[in-house]
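Any read-out appearing in this document is the output of simple, stated calculations on the displayed coordinates, not a laboratory observation. Note that the structure is a prediction, hence the values are computed from the model and not measured. Cβ placement follows ideal geometry from the backbone for every residue including glycine, while neighbour counts extend to all protein chains displayed.
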Ligand code: HEC
Ligand code: HEC
């Protein structure tokens, strides 16, 4: 859809006297009090000049074929075209005094007198006032409450699930276009796609206990896993750094010499009680796909808690899979957690 080059500017079509009247109506205090006119009034006063006869190719009022294709764009798009003008259709129908809401009402009036079944917009309602529930109750329920003409009923999971099989986006598109006895946008042409999506989900979920929103996702910590109710933390310290910090320490660990050694350390806590788990047997496997090192982790006392650690060697630049297996007395199967690490 593009406008013809060299088309007459919209204002040139407006008789000077009408323009003057419109401008003065807007400049005075009367403008603030002016009530938006009903669709029929606007059409009779302005739009009928072309749309009654079909002048210049205007879709004629009453010509269902001419309007149905255009109506499929939805009221928002049609209104946008009527505001800016499109090809021989002048902006605001050539009357700048026609407000956006009046344009919408006029369009709805013409559509409805041409085989359509749209609901006239009330006016620029604050968007927040229109929840999925109010939309469904005000409009969709007309058919979806009772299942009129085979409409899937509100809260009928089986009926909705079958229709959901192609995905929610497909249903939204289908409701936007309408099909069979289901009118385009549920005959509420100013509904946005988002509002339609919300209305569908409302009808789908109706009667179910409200879904608990998931807690805000904590920034994923690559060194933390929660498996079978146990918090598993992986700590890594380069052997170089340990040597430096132990230089004057009393107790000495047997730090292997050689390049690329890290001390890997697993701390465990019960996720509910937050108590440290100190009775586990922990083994660890470190693999870059070519080499595999498997070792038991010995208990390491630090800060009154026990953790489990050992040394592993890494080649610079390689990506490693670190798998730790945690066995606790009395538990049938071990808990397994995987971490990833790329050696610097
Ligand atoms: C000067 C003649 C004229 C007047 C007055 C006029 N229209 Fe139109 N209108 C047209 C023409 C011509 C078209 C067809 C444009 C096209 O698609 O090529 C049209 C098309 C439209 C369309 C369809 C746009 C689309 O995207 O398909 C709408 C909606 C519309 N007019 C609304 C109005 C409204 C509302 C008014 C009154 C406020 C109005 N028109 C007054 C000439 C007019
Ligand atoms: C005039 C009656 C009517 C109204 C109003 C209505 N619907 Fe429908 N709707 C139907 C009927 C009938 C069907 C079943 C059409 C079919 O599949 O043959 C349907 C089907 C649907 C479907 C399923 C489409 C598909 O592809 O399976 C969705 C989604 C839907 N409606 C959404 C809505 C929403 C959202 C509203 C309110 C904004 C609404 N409807 C208002 C009659 C209506």
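Quick one: length gained pulling residue 315 to residue 73 fully straight, 0.36 nm per residue minus the C-alpha distance? Can you show the working numbers first?
Values: separation 242, 0.36 × 242 = 87.12 nm, distance 6.06 nm.
Fully extending the segment from residue 315 to residue 73 adds 81.1 nm.
For a quick protection proxy, order the peptides 334-344, 191-201 by their average other-Cβ count within 10 Å, most packed first.
On the way: 334-344: 15.2, 191-201: 19.6.
Top to bottom by mean Cβ count within 10 Å: 191-201, 334-344.
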Checklist entry - Distance in nm between label sites at residue 65 and residue 259, each 7 Å beyond Cα in the beta-carbon direction? => result 8.2 nm
Item to check | Extension gain from residue 273 to residue 223, taking 0.36 nm per residue of separation minus the Cα-Cα distance | outcome: 16.0 nm
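Per 0.36 nm of contour for each residue apart, how much would the distance between residue 84 and residue 137 grow if the chain were fully extended, relative to their Cα-Cα spacing? Could the numbers behind the result be given before it?
Working: separation 53, 0.36 × 53 = 19.08 nm, distance 3.34 nm.
Difference between extended and current length: 15.7 nm.
Taking neighbour counts of Cβ atoms within 10 Å as a proxy for exposure, in what order, fewest first, do 297, 168 appear? Could the numbers behind the result be given before it?
On the way: 297 20, 168 13.
In order of increasing Cβ crowding within 10 Å: 168, 297.
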Next on the checklist: How far apart, in nanometres, would the label points at residue 56 and residue 158 be if each is projected 7 angstrom from Cα along the Cα-to-Cβ direction?
Outcome noted: 5.7 nm
Next on the checklist: Sort 177, 81, 274 by Cβ crowding within 10 Å, fewest neighbours at the top.
Outcome noted: 274, 177, 81
Checklist entry - Is region 127-205 rounded, prolate or oblate when judged by the Cα gyration tensor, a ≥ b ≥ c being the square roots of its eigenvalues, rounded requiring a/c under 1.5 and prolate requiring a/b larger than b/c? => result rounded
